[in-house]
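The values are calculated or read from the model by the stated rules, or taken from the named source; none is laboratory data. Computed from a prediction, not measured in an experiment: that's the story for all the values here. Positions of Cβ are generated from backbone atoms using ideal geometry, with glycine treated the same way; all protein chains shown enter the neighbour counts. For the accessible areas, the whole protein counts, side chains as well, though only heavy atoms, and no ligand, DNA or RNA atoms are used. Shrake-Rupley method; radii C 1.70, N 1.55, O 1.52, S 1.80 Å.
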Amino acid sequence: SSASGVQADKTCLEAFQSLKLGKKFKYIIYKLSDDQKNIVVEKQAERGTYDEFLSHLPETECRWAVYDFDYSTPEGERNKIVFYT
């Protein structure tokens, strides 16, 4: 539990592990639950472009998100998991 009393729902970690270890998701978007007591998964996508991901982030509301970003370097293809607040 954090100092604010807000806790991450267990599905948040499960979804993140599926993205990180299982490569099951391209991105996950988290939000504060309606009762403002938990952080919950709002959306998970198995595939999608970066622009599609951005289109699911509201402009005037708080969200947290994780995106599995693919990119190229002279040494080859790479990817990084990026956390957004």
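Determine the gain in length on full extension of the stretch K37-I81; use 0.36 nm per residue of separation and subtract their C-alpha separation, reporting nm with one decimal.
13.2 nm
Sequence-distant contacts, meaning Cα pairs under 8 Å at least 6 residues apart, place the relative contact order of the chain at 25 percent. Calculated accessible area for the chain comes out at 71 Å² per residue, all protein chains present (probe 1.4 Å; ligands, DNA, RNA ignored).
With a Cα cut-off of under 24 Å and a minimum spacing of 8 residues unless on different chains, the lysine pairs in the chain number 21.
Computed about its Cα centre, the charge dipole of the range 1-48 is approximately 320 debye, with only Lys, Arg, Asp and Glu carrying charge at their Cβ. Karplus-based coupling profile of the range 24-36, in residue order and whole Hz: 7, 10, 8, 7, 9, 10, 10, 9, 6, 4, 4, 7, 6, with θ = phi - 60° in 6.51 cos²θ - 1.76 cosθ + 1.60 and x standing for Gly or Pro. Taking all protein chains as they are arranged and a probe of 1.4 Å, the heavy atoms of K37 leave approximately 130 Å² accessible to solvent. In terms of accessible area, using a 1.4 Å probe and ignoring ligands and nucleic acids, I39, I81 rank largest first as I81, I39.
Each residue was assigned an accessible area with a 1.4 Å probe, and for L54 the value is about 70 Å².
Volume of the convex hull of the chain (Cα atoms only), normalised per residue: 114 Å³. Expressed as a whole percentage, what fraction of the accessible surface of the range 1-48 belongs to carbon and sulfur atoms when a 1.4 Å probe is rolled over the protein heavy atoms? With neighbouring chains kept in place, the figure for the range 1-48 is 47 percent. Under a model in which nothing but the beta-carbon of Lys, Arg (+1) and Asp, Glu (-1) is charged, the chain shows a dipole of about 280 debye around its Cα centre.
Legend: residues T85, T49, T73, sorted from most to least accessible area (1.4 Å probe; ligands, DNA and RNA excluded), read T85, T49, T73.
Where Lys and Arg each count +1 and Asp and Glu each count -1, what net charge lies around V41 among other residues with Cβ under 9 Å from its Cβ? Summing Lys and Arg as +1 and Asp and Glu as -1 gives -1.
Entry note, the chain: the mean residue ellipticity at 222 nm calculated from DSSP H runs of n ≥ 4, each adding -39500 (n - 2.57), is -5500 deg cm²/dmol after division by the residues and rounding to the nearest 500.
Cα centroids of the range 55-78 and the range 4-19: 18 Å apart. Here's how it looks for F25: its modeled amide H is under 5 Å from those of L19, which are all 5 or more places away or on a different chain.
Heavy atoms only, probe 1.4 angstrom, no DNA, RNA or ligands counted: give me S18, S55 ranked by accessible area, highest first.
From most accessible down to least: S55, S18.
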